[in-house]
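> Here it is, the structure, as C-alpha cells.
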Amino acid sequence: MDLVLLAKAALMGVVEGLTEFLPISSTGHLILAGSLLGFDDAKAKVFDIAIQTGAIFAVILVYWQKIRATLVALPRERSAQRLVLNVLIGFLPAVVLGLLLGKAIKAHLFIPVVVASTFIVGGFIILWAEKRPAAATRIHEVDDMTPLDALKVGLVQCLAMVPGTSRSGATIIGGMLLGLSRKAATDFSFFLAMPTLIGAGVYSLYKERALLSVADIPMFATGLVFSFISAWLCVRWLLRYISTHSFVPFAYYRIVFGIVVLLTAWMGWVQWAE
C-alpha cells in the first residue's frame, strides 16, 4: 500500500469537501492542489470527480430529516411532489448540455485565462448580487419554488461547466438574482447537487473504467471518506453562516484567487490544463 498516495488522496478529499459547496469553485482548487501534489494524471482526474460523491453523502446526512419527510409525504402531499419535480427539472439542463458540450469545454476552456476570468468575474457578480435590495426577494423557502424557478436555476447551473465558475456559486448566487432568499437558494443548490454530482461521478467512473483496477480502491475510498468528513463540517458551518452573514467575503476571495491562477500560470508553477 502506497502511504504517500493515500496521503495525497486524503488531502484532495479535504480540498473537495471544503470547496464543493462554497461559491469558490472546487474544480479550480482541485486543479491547483493536484498540480502542487503531483496528483494530476488521467486517473487523478477521474478521482477528482468520483470523490464528489463523498461530499454529497455529507449533504444527504445534513438534510436527512427533510429528505426523509419528503419521501414519506411524496405519494400524497403536493409540496413534496413539487420539490422532487423541481430538483429533476433543475437537473435536466446539466445532463443535456453536459453530454453535448462536455468534451468541447474540457478541450478548450481549461486554460488559465478562462479559469482566472471566471473566478474574478464571479467575485464581482457576488458583490453585485449582495447589494440588491431585500425587496427583490420573492421566495423565502425552497418549498415555495415553482417549476419555472427550478428550470431557471438549472440553466444557471450549466454555467458551472466553465472551469472556475463554481456550481454552488452559480446556483446560489443565480438563485438570489432570480428572487430566491439566500437560504432558499442555498437549500436548493444542495438538493440540486445530489443528482448532479452523483450522476457525474457514476458516469465518469463508467466512462473511464479501463483506467481503473482493484488496486485503486484504497485511494478512492480514502478520498471519499475525507471528502465526506470535510464536506459535512463545511455544510453545517455554511448553513449557520448564511443566517447572519453575506457571501461578500467569498467574492473577495474569488478575486484574489483569480489573480493567483494568473500568477501561477504565468510563473509556470501550475499547468492549468485538462
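The values are calculated or read from the model by the stated rules, or taken from the named source; none is laboratory data. In this text, all values refer to a predicted model and were calculated from it rather than measured experimentally. Because the Cβ atoms are built from the backbone with ideal geometry, glycine has one as well, and the counts that use them run over all protein chains shown. Ligands, DNA and RNA are stripped out before the accessible areas are found, and what is left, the full protein with its side chains, is counted by its heavy atoms. Shrake-Rupley method; radii C 1.70, N 1.55, O 1.52, S 1.80 Å.
> Would you calculate a helix-derived [θ] at 222 nm for the chain, using -39,500 (n - 2.57) for each DSSP H run of n ≥ 4 and dividing by the full residue count, to the nearest 500?
Helices in the chain give a 222 nm mean residue ellipticity of -24500 deg cm²/dmol.
> Identify the trypsin sites (Lys or Arg not before Pro) of segment 8-115 meeting these criteria: DSSP loop state and at most 12 other C-beta atoms within 10 Å of the C-beta. Please list the in-between numbers first.
On the way: sites: Lys8, Lys43, Lys45, Lys66, Arg68, Arg76, Arg78, Arg82, Lys103, Lys106; in loops: Arg76.
Those that pass, being in a loop and sparsely packed, are Arg76.
> Once R0 is set to 22 Å, what does the formula 1/(1 + (r/R0)^6) return for the Cβ-Cβ distance between Ser213 and Ile60, expressed as a FRET efficiency to the nearest 0.05?
Working: r = 28 Å, r/R0 = 1.29.
About 0.20, to the nearest 0.05.
> May I ask you to order 232-240, 24-32 by the average number of other C-beta atoms within 10 Å around their residues, highest value first? Mind dumping the intermediate values first?
Numbers: 232-240: 16.4, 24-32: 23.8.
Order by mean packing, descending: 24-32, 232-240.
> Using only the Cα atoms of segment 1-135, construct the convex hull and provide its projected area averaged over every direction, in square nanometres to one decimal.
12.0 nm²
> Please work out the Kirkwood hydrodynamic radius for segment 146-219, using every pair of different C-alpha atoms, and report it in angstroms with one decimal place.
Values: mean 1/r = 0.0730 Å⁻¹.
When all Cα pairs of segment 146-219 are included, the Kirkwood radius is 13.7 Å.
> Please grab the % of Cα pairs in segment 99-238 that end up more than 27 Å from each other. Write out the running numbers ahead of the final one.
Numbers: 3132 of 9730 pairs.
When every Cα pair of segment 99-238 is considered, 32 percent fall beyond 27 Å.
> Show me the three semi-axes of the equivalent ellipsoid for segment 160-272, from the C-alpha gyration tensor (sqrt of 5 times each eigenvalue), largest first, rounded to whole Å. Don't skip to the end; give the middle numbers.
On the way: eigenvalues 157, 95, 43 Å².
Semi-axis lengths for segment 160-272 are 28, 22, 15 Å.
> Using mean Cβ contacts within 10 Å as the protection proxy, how do 50-59, 213-222, 122-131 order, highest first? Can you show the working numbers first?
Details: 50-59: 24.7, 213-222: 14.4, 122-131: 18.5.
In decreasing order of mean packing, 50-59, 213-222, 122-131 become 50-59, 122-131, 213-222.
> Tally up the carbon and sulfur contribution to the accessible surface of the chain as a whole percent, 1.4 Å probe, everything protein left in place.
Working: 9470 of 13300 Å².
Accessible surface attributable to carbon and sulfur in the chain totals 71 percent.
> Next question. Scan the chain and note any complete DSSP helix (H) whose C-alpha atoms cover at least 20 Å along its axis and whose Kyte-Doolittle average is 0.5 or more. Let's see the in-between values first.
Numbers: long enough: 3-19 (24 Å, 1.76); 78-108 (43 Å, 1.15); 112-130 (27 Å, 1.84); 182-207 (36 Å, 0.53); 217-241 (35 Å, 1.30); 248-267 (29 Å, 1.69).
The answer, listed by residue number, is 3-19, 78-108, 112-130, 182-207, 217-241, 248-267.
> Find which of Leu92, Ile111, Thr70 sits farthest along the positive direction of the dipole of segment 24-117, computed with +1 on the beta-carbon of Lys and Arg, -1 on that of Asp and Glu, about the Cα centre.
Thr70
> Extension gain Tyr241-Val121, at 0.36 nm per residue separation less the Cα-Cα distance, in nm?
Details: separation 120, 0.36 × 120 = 43.20 nm, distance 2.33 nm.
Length gained between Tyr241 and Val121: 40.9 nm.
> With every protein chain kept in place and ligands, DNA and RNA left out, what is the accessible area per residue of segment 57-214? Probe 1.4 Å, answer in Å².
On the way: 8000 Å² over 158 residues.
Per-residue accessible area for segment 57-214 comes out at 51 Å².
> Taking the Cβ of Ser230 as the centre, find all other residues whose Cβ is under 10 Å away and add up their charges (Lys, Arg: +1; Asp, Glu: -1). Kindly include the intermediate steps, with their values, before the conclusion.
Details: positive: none; negative: Glu16, Glu20.
Neighbourhood net charge equals -2.
> Between Lys103 and Thr146, take the C-beta separation as r, use R0 = 30 Å, and let me know the FRET efficiency to the nearest 0.05. Each step should come with its number before you reach the end.
On the way: r = 33 Å, r/R0 = 1.11.
Efficiency, from the Cβ-Cβ distance: 0.35.
> Sort largest first and round to whole Å: the equivalent ellipsoid semi-axes of the chain, each the square root of five times a Cα gyration tensor eigenvalue. Spell out each step's value before the answer.
On the way: eigenvalues 171, 103, 57 Å².
Working through the eigenvalues yields semi-axes of 29, 23, 17 Å.
> Using Cα pairs closer than 8 Å and at least 6 residues apart in sequence, work out the relative contact order for the chain, in percent.
Values: 403 pairs, mean separation 108.6, N = 274.
Reported relative contact order: 40 percent.
> Using the Cβ atoms and a cut-off under 10 Å, what net charge is assigned to the surroundings of Ile51, where Lys and Arg are +1 and Asp and Glu are -1? If you can, show how the numbers build up before the last one.
Details: positive: none; negative: Glu16, Glu20, Asp48.
My count for the surroundings of Ile51 gives -3.
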